[in-house]
Amino acid sequence: MVALPAVPLVDESVDVERRELHASEVPWITIVWNDPVNLMSYVAWVFRRHFGMDAPTAEQRMMQVHTEGRAVVAEGNREAMERHVEAMHEYGLWATLERAPR
């Protein structure tokens, strides 16, 4: 009988690197939440100005915020979504970021 080496035959460090790379590629989303302060017209204006949405898209997202309590307004890497959340706060809107659903 031949004894097998105790060293694993698979380089586990490669799998860890792949998992880390995959995790960094997972998109994040920016969510704007309904609030009792801002006018609907102002929210639509912010979406047009900051995200460059056309008027119908901005109105649709604003109505989603108003009726459903929240709307996803952007998707991308974490750093970009953090900048969008900060910008929404500067406009006086409530916003958060989270990992995009898989």
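No lab work stands behind these numbers, since they all come straight from the coordinates. Given the structure is predicted, the values throughout are model-derived calculations rather than measurements. Cβ placement follows ideal geometry from the backbone for every residue including glycine, while neighbour counts extend to all protein chains displayed.
Values computed for the structure shown
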item: Charge tally in the Cβ shell below 13 Å around L97, where Lys, Arg are +1 and Asp, Glu are -1, L97 excluded; result: -1
item: Zero-based 5 Å bins, Cα pair distances in region 27-99, whole percents; result: 3, 19, 31, 29, 14, 3
item: Long-range amide H partners of D35 with built H, under 5 Å; result: none
item: Residue-count net charge about R70 - beta-carbon cut-off 12 Å; Lys, Arg +1, Asp, Glu -1; result: -2
